[in-house]
1. Please report the net charge: other residues with Cβ closer than 14 Å to the Cβ of VAL725, K and R +1, D and E -1.
2. With all distinct Cα pairs included, what does the Kirkwood hydrodynamic radius of segment 601-651 come out to in Å, to one decimal, could you say?
3. In whole angstrom, and with the biggest value first, how far do the Cα coordinates of segment 470-577 range along each principal axis?
4. What ranking, highest mean first, results for peptides 642-655, 163-176 when packing means the other Cβ atoms within 10 Å averaged over each residue?
5. Mind ordering 225-231, 505-511, 397-403 by average Cβ neighbours within 10 Å, highest first?
6. Let's test this: bin the Cα-Cα distances of segment 274-355 at 10 Å from zero up to the farthest pair and state each bin's percent.
7. At a 10 angstrom cut-off on C-beta neighbours, averaged per residue, how do the peptides 706-717, 517-528, 273-284 rank from highest to lowest?
8. What list do you get for PHE764, PHE483, PHE357 if you sort them by fewest beta carbons within 10 Å?
Amino acid sequence: MNTLEKLVSTIDDHKRLMMKVKNPSEVDTRQKAWILYRLNAEDMVTTTYGQILTNLERQSELANTLSSIGGALYRLLLSKRKELKLSGEDDDFLDELTKFIRANENAVGSVETKEVHLGWFLFQAYLDTGVLTLKLKQGKKKGSNSKKKKHTSYHITVSDLEGLHSVMDLVKVENVEMFPSPEAPEPWQSGKFLHASGHGIIKKKPHKDAVAQVKLGEMDYVLDALNKLGSTGWRINSFIFDVFKKSKLHQGKSPFKAMKEVDPEKRASLLIELEAIEKLAERNKERAFYHLYNCDFRGRIYPNTAFLHEQSSDNAKGLLLLDKPVPLGEEGLYWLMVHTANMFGNDKVSLDDRAQFVQTNWSTYIDYVTDPFGNDDWMDADKPLCFLACCYELYMLQDFVEEGGVIDDFPSCLPIYVDGSNNGVQHLAAMSKDEVVAPLVNLVPQELPGDVYMFIADKTMVVVDDLATKTPEKVSEKFDEVFDKLAELKGDVAKYSTNPSTKLYKESYARLQEYKNQTYELKKGMGPIFWNRIKDRKTWRKTVKRPVMTLGYGGTAHGMVDMVEDDTRSLSTYLRDKDYSWSVFLGHLIYKTCKKELNGPAQMLDMFENLGMLQNDKEEHVAYKQVITGFPFVQVYVETKTKEVELYYDNASIRLNVAIRKSEDLNKGKQKQSTAPNVVHSVDAAHLTMVIHEADYPVTVVHDSFGCHAGNMNHMFKHVREQFVELYKEEPLEHIFAQMDALHLIPTKGNLDVTEVINSDYAFA
């Protein structure tokens with residue numbers, strides 16, 4: 001019996017337990033998941049399989065996993081509603097189903113717990129068959145004096161990876177939620193919140209006011225964008241897929257992060273993603289496939305698909321081709337070469353220099369294709385598989401020309417992209433009309449691209465250098481001694497860590513902790529010395545990049561601390577051995593530097609925080625209709641209460657805390673903190689929607705990244721800038737604030753002429 005058969009058999013056994021003892025022909029409605037009794041077991045496994053894989057890859061907590069499985073089962077019930085109306089005997093069933101549907105659509109009541117129970121019913125089959133297991137996981141708290149309590153939760157782990165992935169070979173992939181479909185989805189219909197598939201146009205559980213606005217039918221821009229994306233076909237690049245499969249078996253270098261990851265949990269997550277991508281690509285390699293798209297509450301557009309889509313990792317993006325080719329035309333080769341340089345990582349020079357870089361290295365790139373494992377330096381590129389896909393496109397073009405073809409006529413299917421230049425800060429600079437910050441994020445024409453990350457890195461390095469020179473001599477003198485001693489003690493712990501129960505391990509660990517405690521205050525003052533010893537500007541740029549990137553979406557000092565802690569561990573052994581207090585020092589310094597040097601954006605962030613507080617005072621959500629697109633933005637942060645859900649398995653009780661929304665009470669702290677990132681995301685979503693709506697050629701998008709065929713990139717390059725200008729001609733900031741009577745919060749702006757974006761080569765490059 002294969003894994004799918006085992007799962008189906010187990011579910012059928014569980015369904016029989018739902019029936020009344022005295023009358024086995026009737027379902028016992030006291031059972032928490034009795035509403036599932038009319039569903040086919042294989043349909044249940046098929047529908048939810050994508051949810052299982054996705055939550056494993058995300059390392060989700062059990063409650064979230066069960067909720068997503070339950071949501072998929074709810075949509076299956078919804079799709080089956082008409083055919084289940086068989087007789088009057090099903091009145092109870094249909095009444096319950098109707099209540100469940102209404103609760104889900106309006107996001108009220110205890111729908112969250114209902115979904116958990118539905119998910120648990122199916123999930124038990126995976127436990128019974130030994131495919132998955134439950135693991136009680138204790139969360140980490142950062143810093144020795146952190147006030148955050150450790151969070152204990154249940155997670156799922158794979159005990160039979162082969163069995164789990166074998167299911168994909170057995171189910172009808174086109175019926176799996178979150179998997180690509182061989183048919184384009186039915187179009188979204190004006191005035192309807194729900195798609196034919198049961199998915200809402202806004203993900204998860206939007207506010208009832210947003211649902212009502214959707215039903216007014218005033219979202220033509222959004223519907224057109226979603227339907228255009230949904231009608232865009234994709235296919236698998238057979239050459240890259242072959243390299244993908246061989247790379248998994250290759251004993252040398254690898255293009256996959258999974259093969260380099262040392263953390264066992266992260267590695268397991270990456271391997272699940274890798275296997276899922278391969279399986280999905282194998283199932284779809286001979287046909288075009290499509291995705292259903294919908295929005296989050298801010299209007300950002302996402303494919304309702306897991307793993308194999310354009311917004312996934314390099315592992316998936318490198319495999320993807322647009323279904324229908326477009327000739328390169330006069331400028332297509334130029335843009336193909338620019339994109340190739342970008343994927344390699346040479347994206348900080350002029351566009352012409354990028355194209356020249358590829359011309360210079362053309363023969364090397366052809367060699368990568370002819371012998372990808374003998375010439376494996378392509379694996380060192382920023383985006384290895386995407387870069388190799390570019391090399392293969394150049395190889396095919398060369399072959400086409402050698403066979404007598406003309407470059408302009410070469411039929412290209414490779415999607416190429418232009419990206420915003422720190423899009424969050426871009427929008428904040430445009431809103432504030434900050435002419436000083438504008439060149440750093442390429443809102444004005446200039447010979448070479450501005451680099452806000454390097455700018456902040458350089459400013460931070462100057463401050464660090466100054467602070468290091470002012471550090472008391474006694475601290476400076478002790479630095480090497482303390483650092484060397486810590487390295488020695490950590491080495492002792494590592495030496496005995498294979499058997500933590502031994503006396504040697506316990507003694508070495510105790511010595512390490514004792515020394516850490518002894519030197520705690522001393523180490524706190526060593527941050528400037530530590531960071532000042534790192535002189536490589538490239539390393540500094542990597543260190544500040546993510547913190548600066550998040551600033552545009554309301555990034556906080558605390559968040560930047562965590563990013564410094566997480567991101568620098570991979571840069572060098574020296575950085576991996578740093579003290580947490582040094583991450584606190586640098587995270588706060590980066591934040592202060594950003595707020596000081598990026599004045600206009602900083603003012604905008606303060607303004608949005610004030611807007612959140614204003615709405616708090618009025619006891620109202622931050623809510624508005626987006627300019628031009630009409631998207632109904634409603635920021636719903638309400639107080640939640642926790643309801644304990646008790647589940648039973650193998651004669652044991654499992655208690656989960658499920659957050660239940662209170663209907664009206666605002667979470668004022670969350671609204672204050674989140675207004676900035678959410679409003680900025682909504683504005684960049686409006687720009688994205690406008691670009692897709694106006695395009696008369698196939699378009700693909702990844703938030704602030706816009707893709708199309710190389711032959712259409714000339715249009716796209718101009719088009720993205722034109723729509724950015726059109727958006728800001730409508731004064732989106734004033735439009736938003738006027739709807740909440742908050743115009744008085746907008747500070748004095750600078751003198752930037754946003755129309756200059758039209759002539760900026762690097763605003764979206």
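What follows draws every value from the coordinates through simple rules; no lab data is involved. Predicted, not measured: the structure shown is a model, and the values here were computed from it. Neighbour counts run over all protein chains shown; Cβ positions are idealised from the backbone, glycine included.
1. Once all neighbours under 14 Å are counted, the net charge is -3.
2. 14.5
3. 50, 35, 24
4. Values: 642-655: 11.4, 163-176: 17.9.
Put in order of decreasing packing, that is 163-176, 642-655.
5. Ranked from most to least packed, the peptides come out as 225-231, 505-511, 397-403.
6. 15, 33, 34, 18, 0
7. Top of the packing list down: 706-717, 273-284, 517-528.
8. So the ranking, lowest neighbour count to highest, is PHE357, PHE483, PHE764.
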